[in-house]
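The values are calculated or read from the model by the stated rules, or taken from the named source; none is laboratory data. Computed from a prediction, not measured in an experiment: that's the story for all the values here. All Cβ positions, even for glycine, are placed from backbone atoms using ideal geometry, and neighbour counts span all protein chains on display. Ligands, DNA and RNA are excluded from the accessible area calculation, which covers all protein heavy atoms including side chains. Shrake-Rupley method; radii C 1.70, N 1.55, O 1.52, S 1.80 Å.
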Amino acid sequence: MSTADDPRWWRSAVIYQIYPRSFADGNGDGIGDIAGVRARLDHLAALGVDAVWFSPWYPSPMADAGYDIADHRGIDPIFGTLAEAEALITDAHRHGIRVIVDVVPNHCSDAHPWFQAALAGGPGAPERELFWFRAGRGPGGSLPPTDWVSPFGGPTWTRTTDPDGTPGDWYLHLFAPEQPDFNWEHPRVRAEFEDILRFWLDRGVDGIRIDSAAMLAKDPALPDAGPDQSPFVDQDEVHEIYRSWRRLTDAYPGGRALIGEVWLPDQQRFANYLRPDELHAAFNFDFLGCAWDATALRACVDATLAAHAPVDAPATWVLSNHDVTRHVTRYGRTDTTFSFAAKREGIPTDLELGTRRARAAALLSLALPGAAYVYQGEELGLWEVEDIPYELRQDPMWERSGRIDPGRDGCRVPLPWSGDTPPFGFSPDGVTTAPWLPQPADWKDRTVRAQTGDPHSMLELYRTAIAIRRTDPALGDGTLTWLPAPDRVLAVGRAPGFACLVNLSDTAVPLPDHERLLLASGPLDDGRLPPDTAVWLRTR
């Protein structure tokens, strides 16, 4: 269903995530930028997406690939200028594509003026109240204030040095030490971010994606972490922040949306963020991490829709993003789930099997009720790059985990656009500067140019599926019915007259009675649906 004129577009949209460093390089320095995106908008228009979401493009020392932000109202020079960003928003709208920008409210960069003032001012400086500065425990305050462990691995507190050179207070950083956490109990922090939202909404952005949305509020008593409830994740006080943001965005015309990154195991707690006066949507990480298994997938879909229904929020379906192992790789492994704790190097992978399953998963995700997200390169069938030389890795997860977690660089490798050798058209013709992360030589068959016009390519599968989705009234927002199907086969019914079948069994199965085959993720076997294959059907 087309969302072009729908003020509730976010309920049905296909949203494409752009990781700016790796999408396209316009100035030849080997790093993706706004000029590169503007030059490649035709690709997004041909793909048929309704909106693009940009990972952070703000001024940053890049300690965490731009998620350590020094100024939410500017553009980092490696990406371009604010004027270029404004032109990009206009260009995207001209192509019928809405724009979503990332906001990171949990923390900032240690280069942020507020934090620099907090350090320079020493104990008692008013700027320290904007963060979490606390005295240490133990003799001489030598131990951190809590035992909290970072999602990146390692400690969450770093000790400062006072202006006289003596050891001082500690400051909280749930992620890297270069990312101090804001204190959301302080009214100045709340006012600052409301102004940041207005800054971008005034420039015409259609949505705000909220990083680490469940982590803003902390238990002010700063207790040690317990087994049941985290003192820094999903605190009840966070909901008033989003009620305030919802009032702000609702005052703008054209259907502006707030979309949260909410990693929570409890579906009911997750749904609390989607109440009618809070966020419009949130990412469905349960689906992303679900095993390639019919029973598990059906249970995940049912639980997701059941959690969203009481708050009348749209479900979102995500297969990959800039933080997780690409699903072509995941689906080619014995364990097809995803979790950060299980990420390791050297896991055997069958990329042919993973690609076949990824094609089927694309049709499933685009057939389910709600909005669908496509991470850049997913439409090309890119796999996780797992052989990046150690000296070229940049993700802090790699070092902070003691080099146990391979990090997230492998899903952030620059896209291949054309040609037979790296950089595959990522940079302008004639440029010899290498991309900021190396591309596999085997991606020569995965470029946009190589796949365009090939009816069997991943790119043309995505283009066709999204085109059908835009015109078929059964798809997008709505409900589903589970249709009768053989064991280990999912059969999704959407009214009027649409069905998606996915065969997760080991044998080919007959297709049900239908009027017409709309699309298949792979060739049929004498009219039967092979394993790890999906079809869209027009039903009677």
Checklist entry - Take the residues of the range 251-266 that are open to solvent by 30 Å² or more (accessible area, probe 1.4 Å) and within 19 Å of the chain's Cα centre (by Cα): which is farthest from PHE54 (Cα to Cα)? => result PRO265
Next on the checklist: So, restricting to helices (runs of 4 or more DSSP H) that lie completely within the range 7-124, which ones have at least 2 residues that are surrounded by fewer than 22 Cβ atoms within 10 Å (Cβ to Cβ)?
Outcome noted: 34-39, 41-47, 82-94, 113-121
Next on the checklist: Just to check your reading of the model, which residue among THR479, THR539 is open to solvent by 50 Å² or more (accessible area, probe 1.4 Å) and either touching a residue at least 60 places away in the same chain (Cβ under 8 Å) or β-branched (Val, Ile, Thr) (or both)?
Outcome noted: THR479
Item to check | Subset tally (residues that are open to solvent by less than 20 Å² (accessible area, probe 1.4 Å) and in contact with a Pro (Cβ under 9 Å, 6 or more places away or on another chain)) for the range 184-210 | outcome: 5
Item to check | Conditions (1) in a loop (DSSP other than H, G, I, E, B); (2) surrounded by 15 or more Cβ atoms within 10 Å (Cβ to Cβ); number of the one not met by PRO496 | outcome: (2)
Checklist entry - Given PRO455, PRO435, PRO422, which one is in a loop (DSSP other than H, G, I, E, B), free of Cβ contacts under 8 Å to residues at least 24 places away in the same chain and surrounded by 16 or more Cβ atoms within 10 Å (Cβ to Cβ)? => result PRO422
Next on the checklist: Residue pairs, Cβ under 7 Å, 6 or more apart or interchain, first in the range 375-391 and among the β-branched types (Val, Ile, Thr), second assigned to a loop (DSSP other than H, G, I, E, B). List them.
Outcome noted: VAL385/VAL413; VAL385/PRO440; ILE388/LEU437; ILE388/PRO438
Checklist entry - Quick check, is ALA213 farther than 25 Å from GLN116 by Cβ, part of a loop (DSSP other than H, G, I, E, B), of a type outside the set (Lys, Arg) and open to solvent by 40 Å² or more (accessible area, probe 1.4 Å)? => result no
Checklist entry - Got a sec? Which of ASP487, ASP477, ASP442 is under 27 Å from the mean Cα position of the chain (by Cα), part of a loop (DSSP other than H, G, I, E, B) and not basic (Lys, Arg)? => result ASP477
Next on the checklist: Go through the range 271-288 and report how many residues are assigned to a helix (DSSP H, G or I) and in contact with a His (Cβ under 9 Å, 6 or more places away or on another chain).
Outcome noted: 3
Checklist outcome for this item: TRP398: passes all of (1) open to solvent by less than 10 Å² (accessible area, probe 1.4 Å); (2) under 22 Å from the mean Cα position of the chain (by Cα); (3) in contact (Cβ under 8 Å) with a residue 24 or more places away in the chain but (3)
Checklist entry - Can you pull out the residues in the range 205-249 that are closer than 18 Å to PHE285 by Cβ and basic (Lys, Arg)? => result ARG209
Next on the checklist: Among (1) over 19 Å from LEU279 (Cα atoms); (2) open to solvent by 60 Å² or more (accessible area, probe 1.4 Å), there is one condition ALA176 misses while meeting the rest; what is its number?
Outcome noted: (2)
Next on the checklist: Can you tell me which residue is surrounded by the fewest Cβ atoms within 10 Å (Cβ to Cβ) among those in the range 318-344 that are outside any loop (DSSP other than H, G, I, E, B) and touching a Gly at 6+ places or on another chain (Cβ under 9 Å)?
Outcome noted: THR329
Next on the checklist: Just to be sure I understand the filter: pairs with C-beta atoms under 7 Å, separated by 6 or more residues or on different chains, first member in the range 307-322 and in contact (Cβ under 8 Å) with a residue 60 or more places away in the chain, second member surrounded by fewer than 22 Cβ atoms within 10 Å (Cβ to Cβ) and assigned to a helix (DSSP H, G or I). Which pairs pass?
Outcome noted: HIS308/ALA271
Checklist entry - If you go through the range 290-306 one residue at a time, how many are surrounded by 14 or more Cβ atoms within 10 Å (Cβ to Cβ) and not hydrophobic (A, V, I, L, M, F, W, C)? => result 3
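In the set ALA291, ALA313, ALA358, which member is part of a loop (DSSP other than H, G, I, E, B), in contact with a His (Cβ under 9 Å, 6 or more places away or on another chain) and at pLDDT 95 or above?
Matching residue, one of ALA291, ALA313, ALA358: ALA313.
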Checklist entry - If ARG128 passes every condition in (1) crowded, with 20+ Cβ neighbours inside 10 Å; (2) in contact with a Phe, Trp or Tyr (Cβ under 6 Å, 6 or more places away or on another chain); (3) of a type outside the set (Val, Ile, Thr); (4) more than 15 Å from LYS218 (Cβ to Cβ) but one, which one does it miss? => result (2)
Checklist entry - Could we say that ALA474 is out of contact with any Gly (no Cβ under 6 Å at 6 or more places or on another chain) and modelled with pLDDT of 95 or more here? => result yes
